[in-house]
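A.B. asks: The structure's right below; bear with me while I get my questions together.
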Amino acid sequence: MGNSHFSGKPAFANRGVMLDISRNKVPTMTSLKAMVDELAQWGINHVQLYTEHTFAYPGHEDIWRDASPMTREEVIELDGYCRARGIELVANQNSLGHLHRWLRHPRYLPLAECPDGYDTPWGERRSGPFSLNPVDPAALALLADWYDALLPCFSSSLVNVGCDEAFDLGQGKSRPACETTGKGRIYLTYLHHVKHLVEARGKTMMFWGDIILNYPELIPELERNAIALVWGYEADHPFDAQCRLFKEAGIPFWVCPGTSTWNSICGRFDNMIGNLQAAATAGRAHGAEGFLITEWGDNGHWQTKPFSRLALAAGAFAAWHGRAPSETELAELVAPAPLLIALGRVYRMAGFDLPNSSPLFSLIRFQNPQAVLDRWSVETLEHASRQVDAIMANGADALASLLPLEAKEIELAARMLGHALRRGRWLKRGQPSSETPALAADLEGIRKTLAELWLIRNRPGGLDESLAPLDNRLMEYRAVTGQTT
């Protein structure tokens, strides 16, 4: 299946996949090699494993001890495995924000921009640190230590240093410098320092382009021998306008859409297709040198392999053809595409969209999803629940034709969707205790199955953190019924 779709000249010379291995799931080596084999069949020639704390950095054992990290030997082995299949394995270590797993430890807390918390752009106050202080030379010394350990494991000349979403920049220790010099200038100076660290180790820097896009007047000051990664995950993301800015400044860039699987359980299929199409169209129009499909794991990495696989196949098709695939074309690449697509469209039944998330996800993930729940009606929740049941009934034959593991992963996802909808009704009706025991029993089964399936493809590190929200929901149910265990 599928090879005939990847012949002739590809639309993008560099066709990549980025897999998040820091938000709970670190795949086993067997799983990673199986993924590489499939990606090679789909014309992918570039792979990144997004890392915050899941590489076994020597001297930093407290950070990764319980995370089941990739070791130096494993990365070297995987690098060779990828090379043998025509794939370039590229180092990816976030180097500014998203470093709370490091900075919350006393040893590293002095390097934090905001040790005591920060405000997000959407008005939420978060406790604890998030980003490095960009004006502290000790932060760059830490990066140098990381790079000395990590970069020699990769034969590729590229490295993605991240440097995205530093929400707290200018709110803490760098505030005086930002007020004097300008936040954008402080960021650009830091990025240049990181670039020089990378180049001193014989590598070319790739970086996420979101922050510098907030300061378009500074884009022409970027050094040309670095690659900007233009990312966005909604169907209406302004790839065209953003790509134009880098093109006009002469900065090499790639377009980076996403799989829309995270924060969703079963994905957001139509958003994913629109996102791929927007990225491919803008990338081709403005001369992007690459197309990188990103698969993130926010809030527990609950999406199961079949849904990720469908989206990655769609992304690989878009990278090769310069357009998103039709449902017929996807069905020729992935079984059982029609069933996965149907489940991946349930989110639309809510009648409203959320950025970066399905309207169903928060109903099971968070203790108080009131802002989202208020937008649902009981009738819509009930209708969506019946729809999930109908999709699974209609897909029974397709499920029976799959390997047992894949069928169980799809069944688990559908069960989690169904539970989210039932919990939504439970919350809207004032939590009637008559429904609570059944909900608790259902969630206990979901938790058990999720843990069992997780350990077949992934390492144990991160599993407890991923299960914690389900454990919290169970405690809420038990509190209503008066149970304590």
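A.B. asks: At q = 0.19, 0.22 Å⁻¹, work out log10 I(q)/I(0) for segment 64-194 with the Debye formula, treating every Cα as an identical point scatterer and leaving solvent out; two decimals please.
C.D. replies: Evaluating at q = 0.19, 0.22 Å⁻¹ gives log10 I(q)/I(0) of -1.07, -1.28.
A.B. asks: Also: State the extension gain, in nm to one decimal, for the chain segment bounded by Arg65 and Glu221, taking 0.36 nm per residue of separation less the distance between their alpha-carbons.
C.D. replies: Extra length available between Arg65 and Glu221 comes to 52.1 nm.
A.B. asks: Still on this structure: Sort segment 192-262 into rounded, prolate or oblate with this rule: let a ≥ b ≥ c be the square roots of the eigenvalues of the Cα gyration tensor; rounded if a/c is under 1.5, and if a/c is not under 1.5, prolate when a/b is larger than b/c, oblate otherwise.
C.D. replies: Oblate shape, in that a/c is at least 1.5 and b/c is the bigger or equal ratio.
A.B. asks: Okay, next question. So what are the ³J(HN,Hα) numbers for segment 219-235, from phi and the Karplus equation (6.51, -1.76, 1.60; θ = phi - 60°), rounded to whole Hz, Gly and Pro as x?
C.D. replies: The phi angles translate into 4, x, 8, 4, 6, 5, 8, 9, 10, 7, 10, 8, 10, x, 10, 9, 4 Hz.
A.B. asks: Could I ask something else about it? What's the center-to-center distance, using Cα atoms, between segment 177-202 and segment 6-70 in Å?
C.D. replies: About 27 Å separates the Cα centre of segment 177-202 from the one of segment 6-70.
A.B. asks: Could I ask something else about it? Against the empirical 2.2 N^0.38 Å scaling, what ratio does the C-alpha Rg of segment 371-485 come to?
C.D. replies: Values: Rg = 15.5 Å, N = 115, 2.2 N^0.38 = 13.4 Å.
My calculation over the Cα atoms of segment 371-485 gives 1.16.
A.B. asks: What ranking do 150-157, 183-190 get when scored by the average of other Cβ atoms within 10 Å per residue, highest first?
C.D. replies: Descending mean neighbour count gives 183-190, 150-157.
A.B. asks: Mind ordering 307-315, 127-135, 140-148 by average Cβ neighbours within 10 Å, highest first?
C.D. replies: 307-315, 127-135, 140-148
A.B. asks: Using the Cα gyration tensor of segment 1-147, with a ≥ b ≥ c the square roots of its eigenvalues, what is the shape: rounded (a/c below 1.5), prolate (a/b larger than b/c) or oblate (neither)?
C.D. replies: Since a/c reaches 1.5 and a/b is larger than b/c, the shape of segment 1-147 is classed as prolate.
A.B. asks: When a/c is below 1.5 the answer is rounded, else prolate if a/b is larger than b/c, else oblate, so apply that to segment 275-408 with a ≥ b ≥ c taken from the square roots of the Cα gyration tensor eigenvalues.
C.D. replies: Since a/c reaches 1.5 but b/c is at least a/b, the shape of segment 275-408 is classed as oblate.
A.B. asks: Moving to a separate point now. For Val135, enumerate residues with amide H under 5 Å from its amide H, sequence gap 5+ or separate chain, H modeled in the peptide plane.
C.D. replies: none
A.B. asks: D for segment 297-339, whole µm²/s, Stokes-Einstein with Kirkwood Rh over alpha-carbon pairs at 4 °C and 1.567 mPa s: what number? Walk me through the numbers on the way to the answer.
C.D. replies: Numbers: Rh = 11.0 Å.
D = 118 µm²/s.
A.B. asks: Using a Förster radius of 22 Å, what is the FRET efficiency between Thr204 and Arg72 based on their Cβ-Cβ separation? Nearest 0.05, please. Each step should come with its number before you reach the end.
C.D. replies: On the way: r = 22 Å, r/R0 = 0.98.
The value I calculate is 0.55.
A.B. asks: Within the chain, what percent of beta bridges assigned by DSSP are antiparallel, to the nearest 5?
C.D. replies: 15 percent
A.B. asks: So, one more: Taking Rh as the Kirkwood radius computed over C-alpha pairs, what is the Stokes-Einstein D of segment 129-198 at 20 °C in a medium of viscosity 1.002 mPa s, expressed in µm² per second?
C.D. replies: Result for D is 164 µm²/s.
A.B. asks: Can you pick out the pairs among Lys25/Lys408; Lys183/Lys247; Lys408/Lys448; Lys25/Lys305; Lys183/Lys203 whose Cα atoms lie more than 20 Å from each other?
C.D. replies: As for pairs spanning more than 20 Å Cα to Cα, those are Lys183/Lys247; Lys183/Lys203.
A.B. asks: I'd like the projected area of segment 17-92, averaged over all directions, using the convex hull of its alpha carbons. Report it in nm² with one decimal.
C.D. replies: 4.6 nm²
A.B. asks: Next up: So with the 1.4 Å probe, I'd like the accessible area per residue for the chain, rounded to whole Å². Could you put the intermediate results ahead of the total?
C.D. replies: Details: 18430 Å² over 485 residues.
Ligands and nucleic acids excluded, the result is 38 Å² per residue.
A.B. asks: Go through segment 257-263 residue by residue and turn each phi into a ³J(HN,Hα) via Karplus (6.51, -1.76, 1.60, θ = phi - 60°); whole Hz please, and just put x for glycine and proline.
C.D. replies: Per residue, the Karplus-derived 3J(HN,Hα) values read x, x, 7, 6, 8, 5, 6 Hz.
A.B. asks: May I ask you to derive the FRET efficiency for Ala13 and Arg375 from their Cβ-Cβ distance with R0 = 35 Å, giving the value to the nearest 0.05?
C.D. replies: Details: r = 43 Å, r/R0 = 1.24.
For Ala13 and Arg375, the calculated efficiency is 0.20.
A.B. asks: Cα-Cα pairs above 17 Å in segment 418-485: how many percent? Don't skip to the end; give the middle numbers.
C.D. replies: Working: 999 of 2278 pairs.
Tail of P(r) above 17 Å: 44 percent of Cα pairs.
A.B. asks: While we're looking at this one, here's another question. Which entry in [x] 22.5, 72; [y] 26.6, 89; [z] 22.4, 65 is this structure's computed Rg and Dmax of the Cα atoms in Å?
C.D. replies: Of the listed options [x] 22.5, 72; [y] 26.6, 89; [z] 22.4, 65, [z] comes from this structure.
The values are calculated or read from the model by the stated rules, or taken from the named source; none is laboratory data. Predicted model, so just to flag it, every value in this text is computed and none were measured. We place every Cβ from the backbone using ideal geometry, glycine too, and count neighbours over all the protein chains shown. Just so you know, the surface numbers come from the protein's heavy atoms only, side chains and all, with ligands and any DNA or RNA stripped out. Shrake-Rupley method; radii C 1.70, N 1.55, O 1.52, S 1.80 Å.
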